[in-house]
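The values are calculated or read from the model by the stated rules, or taken from the named source; none is laboratory data. For clarity, every value in this text was computed on a predicted model and none was experimentally measured. A quick note on method: Cβ atoms are made from the backbone with ideal geometry, for glycine too, and the neighbour counts reach across all protein chains shown.
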Amino acid sequence: MLAYIVRRLVLAVLTVWAISVLSFMIIHLPPGDYVTSYIASMSSSGSAVSEGEAQALREQLGLDKPITVQYAKWMGLILQGNFGMAMEWGRPVSDVIGDRLVLTMVISVAAIVFTWGIALPIGIYSAVYPYSFLDYLFTFIGFIGLAIPGFLLALVVMYVGFAYFGANVGGLFSPDFIEAPWSVAKIWDLTKHLPIPAIVLGVAGTAQLIRIMRSNLLDELRKPYVMTARARGLSEYRVVMRYPVRVALNPFVSTIGYLLPYVVSGSIIVSLVLSLPTVGPLLLKALIAQDMFLAGTIILMLGVMTVIGTFLSDLLLMWVDPRIRFGRE
Amino acid sequence: MQNDAKLLLSVKNLRTSFFQDEGTTKAVDGASFDVSPGKTLGIVGESGCGKSVTAQSILRIVDRPGRIVDGEIVLTRADGSQTDLVKLEANGREMRSIRGGEIGLVFQEPMTSFSPVHTIGAQLIEAVLLHNAVSRKEARRRGIEALRSVGIPKPERRIDEYSFELSGGLRQRAMIAVALSCDPRLLIADEPTTALDVTTQAQILDLLRKIQRERGMAVMLITHNLGVIAEMADDVVVMYLGRAVEQGNVDDIFHDPKHPYTKALLQSIPSIDSVPRLKLPTISGSIPHPFNRPTGCPFHPRCASFMPGRCDTGEPQLKPVGAGRQVSCFLYE
Amino acid sequence: MAEFAAALEEGVVAEDRIAVATQWQLIWWRFRKHKLAVGGTIVLVAFYLVALFADFFAYVDPTESEAQRSLMAPQPIHWIDEGSFKPYVYALKGTRDPLTFKRVYVPDTSNKIPVTFFGRGEPYQLFGFITSDRHLIAVEGAKPSESLFLMGTDTHGRDLWSRLMHATRTSMTIGLVSVALSLVLGVVLGGISGYFGGAIDTVIQRIIEILRSIPTIPLWMGLAAALPADWSVVQVYFAITIIISLIGWTELARVVRGRFISLKQEDFVMAAELLGCSKSRIIFRHMVPSFISHIIAATTLAIPAIIISETSLSFLGLGLRPPAISWGVLLQDAQNIQALVISPWLLLPSLAVIVSVLAFNFMGDGIRDAADPYL
């Protein structure tokens, strides 16, 4: 058991390192660097930047050193807690990102909770009464959810809200709370605004989960231990819920780990459409402006948070499935 | 057929069919037999003859799309009253209390008969609690006792282990312990030793005999192994394609088989007395596809005593041919 | 002995009634029973026909813009003219909007232009070398670019229907190319991992896990933003394809690896080894046929995800860019909610996305169910 934990931990650390390298590489892929796009935006607004100024700027930002050195410097800074300056904003990256990262996670977790809460009962029902009318109905609805990309659903929701209610359903806070410091009232306001983004984000995952749960449970229901449980005289409800469902749930716990990156990704696009104050819109702007510190930090942070989530879900799986505890994977 | 109130279980003309898109399979097609208290009834037949479905029908746990379509299963309760199990609701309170309470079931696959994520203790205690109004502590004590009575060493430790931590023999013993935990009056054992090696087989059979003696429990032993039947059974029912084709007590069946199928089965057992270097007699042909049942007597395509015109047109019924013997064959009508 | 042979023959004749067919025939029969899957397949065939003959299905040049015709509402075909079946559209006349003083086009109900099907319209090149001027929908006695606006126009005055037809071509084929790449990567890496096991397996597995832990959209956004702005449409197209498949192969690899691992332990593989078959013979002749249907199912189910990815990226402006036309590019116009409220027809391309994704999912499910021997 300890070996398992250690292995997962090592893997997590490796993954984080790989993500950091990847994020750094991505930022440096586009030809030119921040200074080039800075010059471009300056010249489009009429002013020019001389060679000397450009060079000085580069030196100041450390952009003239070889890549590996830049990476090392960046990692060093991060480990000290200094995420650098968001060049375009002129403020420290941590300031700019601020609450957004946390909010991204809040929305993602809310979406996952919604997904599970709806998908599991439906999946169980569909497996116990396969080919029934409700089974077909749920499957059909599930498919619709699967086929509509998150951002499209967000668009439709916005459209409906706007056209029929004249309201802007985007955003995570009511106007008064946007700049306010955190308080219980603010958290309550957030909770009131969570359902729409959570549902929009969760819909696609729900369909997938229903299908997997249904097929897993169908497999388990055919196994002998279910018949033995019945032969003991258990009520049908107990037979299903206590045994095959418990076994069928196990793969799900491990899927939290992969659900998280998927949902976080989805939340980025949906945030753009619904104008949520999360990391998505920020990342897009940073990438277009080639703001290296900002974009790199965001990607790194997102990756780290998902790795942590994955690791936690592995631990959860271990706790839930005795087969893994005893070393048989 | 005896209309004896001393019988524990009396199955009359049971028919169970599976209704699928591709066709209907008559898994059990007119099986009748009786189980006497304290005695062992052996049900023997090839794979696919409907033995397991018969056991499932008795316990009313036939899987969808299967259904009992006809017949009676009369159980004599502890208070002497008689209940027709077919008429009970499969998942109703009464049937569920009988299941596991008055009738226990031991399965053929100890490997997968326990839930992989629960301890055997959890499943054992659950069974006890279900059928007895006792406290958890008492249920656990009874569980440990049950494990001890089936010969599992260190039961206080084993009760908290998972099924994959036990060997095949121990797991089967644990299965028996669960089935026995509520002191059933009838134990149905469906191929209890098929998945075990010969030594363990012998141990399990000894165990079953011992328990039967101690508790006066009736046993319905389902197997395709004639050797096990010879050793354990008092009465035997031979099944073919969902029907009982011959019945009687074990000595009569083995020494004086009447139905051609029984005769052929017995002939095909390798024996120490048979002439060396002679080809082992087998039953010609193979079991017909379930959608392709022969008309008339189901065995006639493979029967050595086939009577054309008779055996392929009518269906023989079980008729008495002596004290406690019944055969379903036109040879005896 | 004769008795035995006779009984055997009777048995075989009886079994013939439940005929014995090849594996592929069995799969096809089971697939046919799935109404949804068959329906999905038909829909997909239709989509690919459109992709193949986009110019035929469209009626004008999708890039031709006319600022004065911007954001026109859809002008539907009217089917009955004075009691008989004579489809027509109304001609448009330009007037000045009294409130904004802008020139707008409104339907002129006094002027009916007959619509013909498979009629003649503007010429185009089929497959690049066959010239034709036949279109699915054409008009008589007028120019199609001035009279047909079945789905309205976008902000630049370009006809949405024709653009949709061409977008279908791009979006549906990007999916195919991308999935082909993922398939190759997935099968090779997954196969190596599953068949050889050991250290190679561990390394590949870790790589897969790492890739799966990374949120994909930020990665894609980063990679897509890195593409130089001056690349041609085709270059961007292929770059996007490669980017998407670089992450997508992990799913297929996992499926393939899983299959190889479970197959390795099957008795028939051991039997083949004991017979002296070479490794490649075992792999290609014995193992692959038993899971090829699963691979097909997994591949089919991977395509919709790719379509959604491309649409999302292009929608954000990071994927394909104008003058390329794809569903995502078309939906870019719908980003502005205020504009959307006034011209909701801009959302129509989303129907194409939804229907194609559904169709792929149904078909893939059908294949998977039909190929699974345990159902």
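Summary table
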{"read-out": "Filter result (charged (D, E, K, R), assigned to a loop (DSSP other than H, G, I, E, B) and within 12 Å of chain A (Cβ to nearest Cβ)) within region B:157-200", "value": "B:Asp160, B:Glu161, B:Glu191"}
{"read-out": "Candidate set from region C:303-345 (those that are in contact (Cβ under 8 Å) with a residue 60 or more places away in the chain and away from every other protein chain (no Cβ under 13 Å)); member that is farthest from the chain's Cα centre (by Cα)", "value": "C:Pro323"}
{"read-out": "Test: residue in region B:3-11 that is of a type in the set (Val, Ile, Thr), touching an Asp or Glu at 6+ places or on another chain (Cβ under 8 Å) and away from every other protein chain (no Cβ under 14 Å)", "value": "yes"}
{"read-out": "Those residues of region C:325-353 which are aliphatic (A, V, I, L, M) and either surrounded by fewer than 17 Cβ atoms within 10 Å (Cβ to Cβ) or touching a strand residue (DSSP E or B) at 6+ places or on another chain (Cβ under 8 Å) (or both), in sequence order", "value": "C:Ala339, C:Val341, C:Ile342, C:Leu351"}
{"read-out": "Residue that is surrounded by the fewest Cβ atoms within 10 Å (Cβ to Cβ) [pool: residues in region B:278-291 that are facing chain C (nearest Cβ under 10 Å) and out of contact with any strand residue (DSSP E or B) (no Cβ under 6 Å at 6 or more places or on another chain)]", "value": "B:Thr282"}
{"read-out": "Some residue of region B:201-214 being within 14 Å of another protein chain (Cβ to nearest Cβ), at pLDDT below 90 and not in a strand (DSSP E or B)", "value": "no"}
{"read-out": "Of all residues in region A:243-298 being farther than 30 Å from A:Val226 by Cα and hydroxyl-bearing (Ser, Thr, Tyr), the one that is nearest to the other protein chains (Cβ to nearest Cβ)", "value": "A:Ser265"}
{"read-out": "Considering residues of region B:91-136 that are assigned to a loop (DSSP other than H, G, I, E, B) and more than 9 Å from every other protein chain (Cβ to nearest Cβ) only, the residue nearest to B:Asp183 (Cα to Cα)", "value": "B:Glu102"}
{"read-out": "Qualifying residue in region B:75-85 (condition: within 14 Å of chain A (Cβ to nearest Cβ) and in contact with a Lys or Arg (Cβ under 7 Å, 6 or more places away or on another chain))", "value": "yes"}
{"read-out": "Some residue of region A:226-239 being more than 9 Å from every other protein chain (Cβ to nearest Cβ) and touching a Leu at 6+ places or on another chain (Cβ under 8 Å)", "value": "no"}
{"read-out": "Some residue of region B:119-132 being touching a Gly at 6+ places or on another chain (Cβ under 9 Å), among the charged types (D, E, K, R), without any contact (Cβ under 8 Å) to a residue 60 or more places away in the chain and crowded, with 19+ Cβ neighbours inside 10 Å", "value": "no"}
{"read-out": "Residue in region B:51-69 that is more than 16 Å from B:Val178 (Cβ to Cβ), in a strand (DSSP E or B), over 13 Å from the mean Cα position of the chain (by Cα) and within 14 Å of chain A (Cβ to nearest Cβ) present", "value": "yes"}
{"read-out": "Identity of the residue in region B:292-333, surrounded by fewer than 16 Cβ atoms within 10 Å (Cβ to Cβ) and under 24 Å from the mean Cα position of the chain (by Cα), that ends up farthest from B:Lys263 (Cα to Cα)", "value": "B:Arg293"}
{"read-out": "Odd one out for A:Ile199, checked against (1) part of a helix (DSSP H, G or I); (2) at pLDDT below 75; (3) more than 14 Å from chain C (Cβ to nearest Cβ)", "value": "(2)"}
{"read-out": "Only one of A:Arg323, A:Arg230 that is modelled with pLDDT of 80 or more and either part of a helix (DSSP H, G or I) or touching a Gly at 6+ places or on another chain (Cβ under 6 Å) (or both)", "value": "A:Arg230"}
{"read-out": "Number of the condition not met by B:Gly80 [criteria: (1) at pLDDT 85 or above; (2) surrounded by fewer than 17 Cβ atoms within 10 Å (Cβ to Cβ); (3) among the small types (Gly, Ala, Ser)]", "value": "(1)"}
{"read-out": "Yes/no for A:Asp176 being assigned to a helix (DSSP H, G or I), at pLDDT below 75 and more than 10 Å from every other protein chain (Cβ to nearest Cβ)", "value": "yes"}
{"read-out": "Residue, farthest from the other protein chains (Cβ to nearest Cβ), within region C:200-233, restricted to residues that are within 18 Å of A:Gly309 (Cβ to Cβ), among the β-branched types (Val, Ile, Thr) and assigned to a helix (DSSP H, G or I)", "value": "C:Ile208"}
{"read-out": "Selected residue (only one of B:Ile211, B:Ile287, B:Ile222, B:Ile283 is in contact with a helix residue (DSSP H, G or I) (Cβ under 6 Å, 6 or more places away or on another chain) and in contact (Cβ under 8 Å) with a residue 24 or more places away in the chain)", "value": "B:Ile222"}
{"read-out": "Segments classed as strands (runs of 3 or more DSSP E), wholly inside region C:62-154, with at least 1 members that are surrounded by 15 or more Cβ atoms within 10 Å (Cβ to Cβ) and in contact (Cβ under 8 Å) with a residue 24 or more places away in the chain", "value": "C:84-96, C:103-126, C:130-139"}
{"read-out": "Some residue of region C:115-126 being over 17 Å from C:Ala91 (Cα atoms) and either among the aliphatic types (A, V, I, L, M) or within 22 Å of the chain's Cα centre (by Cα) (or both)", "value": "yes"}
{"read-out": "Residues satisfying the stated conditions in region C:185-204, i.e. touching a residue at least 40 places away in the same chain (Cβ under 8 Å) and on the phi < 0 side of the Ramachandran plot", "value": "C:Leu185, C:Gly186, C:Val187, C:Leu189, C:Gly190, C:Gly191, C:Ser193, C:Gly194, C:Tyr195, C:Asp201, C:Ile204"}
{"read-out": "Matching entry among C:Ser278, C:Ser262, C:Ser245, C:Ser293 (being away from chain A (no Cβ under 13 Å) and under 18 Å from the mean Cα position of the chain (by Cα))", "value": "C:Ser245"}
{"read-out": "Test set (1) buried (at least 22 other Cβ atoms within 10 Å of the Cβ); (2) away from chain C (no Cβ under 14 Å) - B:Ile269 fails condition number", "value": "(1)"}
